[in-house]
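Shown next, in structure tokens, is the structure this report addresses.
The values are calculated or read from the model by the stated rules, or taken from the named source; none is laboratory data. In this text the structure is predicted, and so the values were computed from the model without any measurement. Cβ placement follows ideal geometry from the backbone for every residue including glycine, while neighbour counts extend to all protein chains displayed.
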Amino acid sequence: MAMSRIDIMDQLAKKADSLGYQWVGCDWSGAQTNVTLRIYIDHVDGVNIDQCASVSRELSTLLDVLDAIPYRYVLQVSSPGVQRPLFTAEHFSEQLGKQVKIKLVNADDLGRRQFQGQIDSVDEGVISLTSIDGESIIIEHADIAKAVLAVDVTR
């Protein structure tokens with residue numbers, strides 16, 4: 001029986017932690033014949049490409065031992081970078097006051113799926129933003145398909 005994605009992520013997160021890295025999160029893309037598993041790690045001193053390669057080797061070995069993914073996949077390990085992905089409500093809380101781009105799983109009542117704004121508050125999984133034009137936006141964390149910090153190109 002194949003492991004669930006949640007079980008796989010839990011195992012990978014534990015391994016990354018045991019190696020001294022913070023598990024930021026992961027995303028899966030593609031179909032079962034061409035899957036990319038992108039894992040984001042961080043460290044108090046930052047993460048360089050050699051560290052990503054080392055963690056990638058360790059996580060790849062773990063996936064092989066667990067025989068966790070029964071089809072072909074590509075594993076990528078990366079630092080969160082400037083467009084840091086936000087996977088959890090806690091990630092949003094850590095970035096209060098910063099600009100974020102959000103894509104919803106389903107369109108809202110006005111047919112919109114994409115939003116950008118400043119994170120004003122996070123309360124019990126509800127994220128409040130103020131858009132660039134001053135609109136107040138309320139989004140349930142569970143409705144988010146993808147979220148990243150927006151790069152400020154004005155500086």
Residue that is without any contact (Cβ under 8 Å) to a residue 40 or more places away in the chain, small (Gly, Ala, Ser) and touching a Leu at 6+ places or on another chain (Cβ under 6 Å), where the choices are Gly117, Gly125: Gly117
Output for region 2-47, where each listed residue is exposed (fewer than 13 other Cβ atoms within 10 Å of the Cβ), at pLDDT 95 or above and either among the aliphatic types (A, V, I, L, M) or in a loop (DSSP other than H, G, I, E, B) (or both): Gly20
Can you tell me which of (1) free of Cβ contacts under 8 Å to residues at least 40 places away in the same chain; (2) closer than 13 Å to Ile102 by Cβ; (3) surrounded by fewer than 13 Cβ atoms within 10 Å (Cβ to Cβ) is the one Ile137 doesn't meet? (3)
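Residues checked against (1) within 20 Å of Val82 (Cβ to Cβ); (2) in contact (Cβ under 8 Å) with a residue 24 or more places away in the chain:
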site	(1), (2)
Ile102	yes, yes
Asp133	no, no
Asp143	no, yes
Leu149	yes, yes
For region 93-110, does any single residue satisfy the condition of being exposed (fewer than 13 other Cβ atoms within 10 Å of the Cβ) and among the β-branched types (Val, Ile, Thr)? yes
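Looking for whichever is among the small types (Gly, Ala, Ser), farther than 17 Å from Cys26 by Cα and within 17 Å of the chain's Cα centre (by Cα) here; the options are Ser128, Ser93, Ser121, Ser136. Which one fits?
Ser93
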